[in-house]
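Have a look at the structure below, then the notes.
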Amino acid sequence: MTTGAQGSQQPTVRPRRSRLRTFLPLGIAAWLVLEIWLLTVVAGAVSGFAVFLLLVAGCVAGSLVIKRAGRRAFRNLNEALQRGGTPAKGSGNGLTMLGGLLLVIPGLISDVAGLLLLVPPVQKALSRSTERALDRKLRESAPGGLGDVFQQARMHRPDGKIVQGEVIRHEPEDAQQEQRPPLTR
């Protein structure tokens, strides 16, 4: 016995997965297999205890690096707020923290990558190339401000169709406007 109306069930068309969503899990799996393989090779060459000590040393060093970079970032932020400006650009705290995080993650490849991120010329080169790539992506994007992005909405219907529209907020005229402090000085 069935209840409800039986309608024609059309297969839903799934949106195509991006390359990042497809290849990121494969890249992470390959990285993990490579880390484990390298740890076993090094443990066979020296000893398991030496590899264990190396991993513990990397974890301790990474935590110290993260702690130091965090304190420096907090100190720079406090100094900038006391001056009434913004923190100095290019201080490298984010890349230093990423280097510390890679040191904390167990594995020899991640430790080497973390140590490379702690070298100032590598940090500068990486930040410059990342900034150029981000600028290029922003220039290639569709014209218009970011305000347009937040004003559009997409509704995905069960049949797979996408309905685009604008979000318009209607407030009653007689509603009291709550007083908010200004966002700028």
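The values are calculated or read from the model by the stated rules, or taken from the named source; none is laboratory data. Note that the coordinates shown come from a computational prediction; the quantities given were computed from them, not determined experimentally. Cβ coordinates were reconstructed from backbone atoms using ideal geometry, including for glycine residues, and neighbour counts include every protein chain displayed. Calculation scope for accessible area: heavy atoms of the full protein, side chains included, ligands and nucleic acids excluded. Shrake-Rupley method; radii C 1.70, N 1.55, O 1.52, S 1.80 Å.
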Tell me which of these Leu102 doesn't satisfy, since it passes every other one: (1) in contact with a Ser or Thr (Cβ under 9 Å, 6 or more places away or on another chain); (2) not in a helix (DSSP H, G or I).
(2)
If you check Leu101, Leu64, which single one turns out to be at pLDDT 85 or above, open to solvent by 40 Å² or more (accessible area, probe 1.4 Å) and within 19 Å of the chain's Cα centre (by Cα)?
Leu101
Pull out all pairs, ordered by first then second residue, where Cβ-Cβ is under 6 Å, the residues are six or more apart or on different chains, the first lies in the stretch 93-105 and is within 12 Å of Ala61 (Cβ to Cβ), and the second is not in a helix (DSSP H, G or I).
Gly99/Leu118
Positions within the stretch 45-61 being assigned to a helix (DSSP H, G or I), open to solvent by less than 70 Å² (accessible area, probe 1.4 Å) and more than 22 Å from Leu98 (Cα to Cα), in sequence order:
Gly48, Ala50, Val51
Does Ser91 meet the test of being within 20 Å of the chain's Cα centre (by Cα), part of a loop (DSSP other than H, G, I, E, B), modelled with pLDDT under 90 and surrounded by 12 or more Cβ atoms within 10 Å (Cβ to Cβ)?
yes
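Rundown of residues vs (1) modelled with pLDDT of 80 or more; (2) among the small types (Gly, Ala, Ser); (3) in contact with a His (Cβ under 8 Å, 6 or more places away or on another chain), yes/no style:
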site	(1), (2), (3)
Thr2	no, no, no
Ala5	no, yes, no
Ser8	no, yes, no
Pro11	no, no, no
Ser18	no, yes, no
Ile28	yes, no, no
Leu32	yes, no, no
Ile36	yes, no, no
Leu39	yes, no, no
Any chance Ser127 is in a helix (DSSP H, G or I), hydroxyl-bearing (Ser, Thr, Tyr) and modelled with pLDDT under 90
yes
Residues satisfying the stated conditions in the stretch 104-140, i.e. open to solvent by 60 Å² or more (accessible area, probe 1.4 Å) and under 22 Å from Ile36 (Cβ atoms):
Pro106, Val112, Leu115, Leu116
Those residues of the stretch 41-53 which are over 22 Å from Val104 (Cβ atoms) and either modelled with pLDDT under 90 or in contact with a His (Cβ under 6 Å, 6 or more places away or on another chain) (or both), in sequence order:
Ser47
